[in-house]
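Undergrad: Supplied in structure tokens, the structure appears directly below.
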Amino acid sequence: MRIGVLTLPLHTNYGGILQAYALQVVLERMGHEVCLIEKERKPLRVPLWKAPLTYSKRILENLFGSPVPVFFEQKLNREGLLIRQNTDCFIHKYIKRYIVEDFPDLKEDDFDAIVVGSDQIWRTKYMLQIEHAYLDFAEGWDIRRIVYAASFGTDEWEYTPEQTKECNRLLKFFDAVSVREMSGVDLCYKYFGVKAVHVLDPTMLLSAEDYIRQFEIAGVPESPGTLLCYILDESPEKTALINCIADEKGLVPFRVNSKMDDASAPLEARVQPPVEQWLRGFYDAKFVVTDSFHACVFSILFNKPFIAYGNAKRGMSRFNSLLNGFGLQNRLILSLQEYVGLGDIDWGKIHSALDNERIFAKNFLSDNLN
């Protein structure tokens, strides 16, 4: 079967890249022909009609000390290519893509099925034209429509009444619906009247050995420390937590992400490291400190004790659903004061539960694609 996967755009986010990669691998191992449906990545430009006013205004502002360059978009385009060079390399090498200018350019005979998911594909904050995530462009097509592990990103309802009505109507055309968080099951039933099932994030459908193979092929050297720190939103409290754990356990902190979003940092310090290096970090770590959902996922896959610093801005429901599902809710804190010494994790029990969840998720995909 020819399957198109619709997810959020792939840029420099390791979790976003790896969930797309993992879902592709799983579906290919089932015997399908799979590719990611992706909108063409276009350079940033000031619209032609707006250019004279925009550039004139910036020139005047520069005379009064504005740090914004006159040709700001060109600067962002150049820097973006450099910042993404390593993550783009992984995407180009391992993820098959079907690139269109826009989703409505797709045709009915391009695919036999479209799988929507995973990641926060159903969050309006990230998917601005949310109806596309419910396949509005494919209305009336004779194809299979599956939602796999879609996430609303939050347990609060963020859709407008108009979006709710339209997405509700579109979802009725789907053959099967699954979500990544337990809160998503409740939201689907409450606002759409749809009985969704809860499944694993696609990254958890592969084994640690699948990911180890990637950094072994790439020849990634050993990590420069033993305490992996993957922090998306830096704060003094998180730094204090890292220092506390390093001292308590006698570990050496190291990071596997760049200062990508810090425009004041030197450009070379903003280049995101390779995906394979990020994976190697979990393999080498003796402990992980993170505020990232997918770093929690990979800590579990690699049997690494971890502490998750909850990130309310980015959504808590995914942390709660993941950690509660594996009996690891004590690994989630919301402040430095909540950190206390943690006991050992029963990895045998965790992976027994994970194996059962994998069987359920893979059966969901195979049963609904046949």
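Undergrad: Looking at the stretch 59-68, can you tell me whether even one residue there is assigned to a helix (DSSP H, G or I) and surrounded by 13 or more Cβ atoms within 10 Å (Cβ to Cβ)?
TA: yes
Undergrad: Let me ask something else about it. Need pairs with beta-carbon distance below 8 Å; first residue touching a residue at least 60 places away in the same chain (Cβ under 8 Å) and part of a strand (DSSP E or B) and within the stretch 20-45, second surrounded by fewer than 21 Cβ atoms within 10 Å (Cβ to Cβ) and of a type in the set (V, I, T); sequence gap 6+ or separate chains.
TA: Within 8 Å, the pairs are L36/I95; I37/V100; E38/I99; E38/V100; K39/I99; K39/V100.
Undergrad: Another question about this same structure. Can you tell which of A149, A138, A113 is closer than 21 Å to H294 by Cβ and surrounded by 19 or more Cβ atoms within 10 Å (Cβ to Cβ)?
TA: Among A149, A138, A113, only A149 is closer than 21 Å to H294 by Cβ and surrounded by 19 or more Cβ atoms within 10 Å (Cβ to Cβ).
Undergrad: I've got another one for you. Checking the condition without any contact (Cβ under 8 Å) to a residue 12 or more places away in the chain, over 20 Å from R331 (Cβ atoms), assigned to a helix (DSSP H, G or I) and among the charged types (D, E, K, R), which residue from E216, E234 passes?
TA: Criteria check complete, one pass: E216.
Undergrad: Okay, next question. How many residues are β-branched (V, I, T) and not in a strand (DSSP E or B) when one looks only at the stretch 258-315?
TA: Result for the stretch 258-315: 4.
Undergrad: Check the stretch 107-121 and report whether any residue there is in contact with a Lys or Arg (Cβ under 7 Å, 6 or more places away or on another chain), within 30 Å of D175 (Cα to Cα) and of a type outside the set (A, V, I, L, M, F, W, C).
TA: yes
Undergrad: Can you work out which of the residues in the stretch 136-190 that are part of a helix (DSSP H, G or I) and of a type in the set (F, W, Y) is farthest from L36 (Cα to Cα)?
TA: Here the answer is Y189.
Undergrad: Considering only the stretch 14-46, state which residues are touching a helix residue (DSSP H, G or I) at 6+ places or on another chain (Cβ under 8 Å) and closer than 22 Å to R78 by Cα.
TA: The answer is Y14, I17, K39, P43, L44, R45, V46.
Undergrad: Would it be correct to say that Y211 is closer than 30 Å to G184 by Cβ and either touching a strand residue (DSSP E or B) at 6+ places or on another chain (Cβ under 8 Å) or without any contact (Cβ under 8 Å) to a residue 24 or more places away in the chain (or both)?
TA: It is false that Y211 is closer than 30 Å to G184 by Cβ and either touching a strand residue (DSSP E or B) at 6+ places or on another chain (Cβ under 8 Å) or without any contact (Cβ under 8 Å) to a residue 24 or more places away in the chain (or both).
Undergrad: Here is a further query. Restricting the stretch 1-41 to residues that are of a type in the set (K, R) and within 21 Å of the chain's Cα centre (by Cα), which is modelled with the lowest pLDDT?
TA: R41
Undergrad: Just to check your reading of the model, which residue among L53, L48 is modelled with pLDDT under 90 and over 26 Å from M260 (Cβ atoms)?
TA: Of the residues listed, the single one that is modelled with pLDDT under 90 and over 26 Å from M260 (Cβ atoms) is L48.
Undergrad: Based on what the data block shows, is P274 surrounded by 14 or more Cβ atoms within 10 Å (Cβ to Cβ), touching a strand residue (DSSP E or B) at 6+ places or on another chain (Cβ under 9 Å) and either under 30 Å from S183 (Cα atoms) or not assigned by TED's automatic domain parsing to the domain that holds S118 (or both)?
TA: no
Undergrad: For residues that are over 18 Å from the mean Cα position of the chain (by Cα) and surrounded by 14 or more Cβ atoms within 10 Å (Cβ to Cβ), tally how many sit in the stretch 76-110.
TA: Total satisfying the criteria: 9.
Undergrad: If you take the residues in the stretch 277-304 that are buried (at least 19 other Cβ atoms within 10 Å of the Cβ) and of a type in the set (S, T, N, Q), which one is farthest from I242 (Cα to Cα)?
TA: By that ranking, first place goes to S299.
Undergrad: Something else: Quick check on the stretch 346-368. Is at least one of its residues in a loop (DSSP other than H, G, I, E, B) and either surrounded by 14 or more Cβ atoms within 10 Å (Cβ to Cβ) or not assigned by TED's automatic domain parsing to the domain that holds V116 (or both)?
TA: yes
Undergrad: Considering V271, V256, which residue is in contact with a Pro (Cβ under 8 Å, 6 or more places away or on another chain) and at negative phi?
TA: Exactly one residue qualifies, and that residue is V256.
Undergrad: While we're looking at this one, here's another question. Could you grab me the full set of residues in the stretch 52-92 that are without any contact (Cβ under 8 Å) to a residue 60 or more places away in the chain and either in contact with a strand residue (DSSP E or B) (Cβ under 7 Å, 6 or more places away or on another chain) or closer than 18 Å to T7 by Cα (or both)?
TA: The answer is D88, H92.
Undergrad: Also: So for the stretch 36-48 (the condition being surrounded by 13 or more Cβ atoms within 10 Å (Cβ to Cβ) and over 30 Å from R145 (Cβ atoms)), does at least one residue qualify?
TA: Yes, that holds for at least one residue.
Undergrad: Here is a further query. Which condition number in (1) farther than 23 Å from E156 by Cα; (2) surrounded by fewer than 19 Cβ atoms within 10 Å (Cβ to Cβ) is the one that I307 fails?
TA: Checking I307 against (1) farther than 23 Å from E156 by Cα; (2) surrounded by fewer than 19 Cβ atoms within 10 Å (Cβ to Cβ), the one that fails is (2).
Undergrad: Can you name the residue in the stretch 182-226 that is within 24 Å of A22 (Cβ to Cβ) and of a type in the set (S, T, Y) and, of all such residues, is surrounded by the fewest Cβ atoms within 10 Å (Cβ to Cβ)?
TA: S207
The values are calculated or read from the model by the stated rules, or taken from the named source; none is laboratory data. Since the structure is predicted, the reported quantities are computational estimates derived from the model, not experimental observations. Counting neighbours? That spans all protein chains shown, and the Cβs are built from the backbone with ideal geometry, glycine included.
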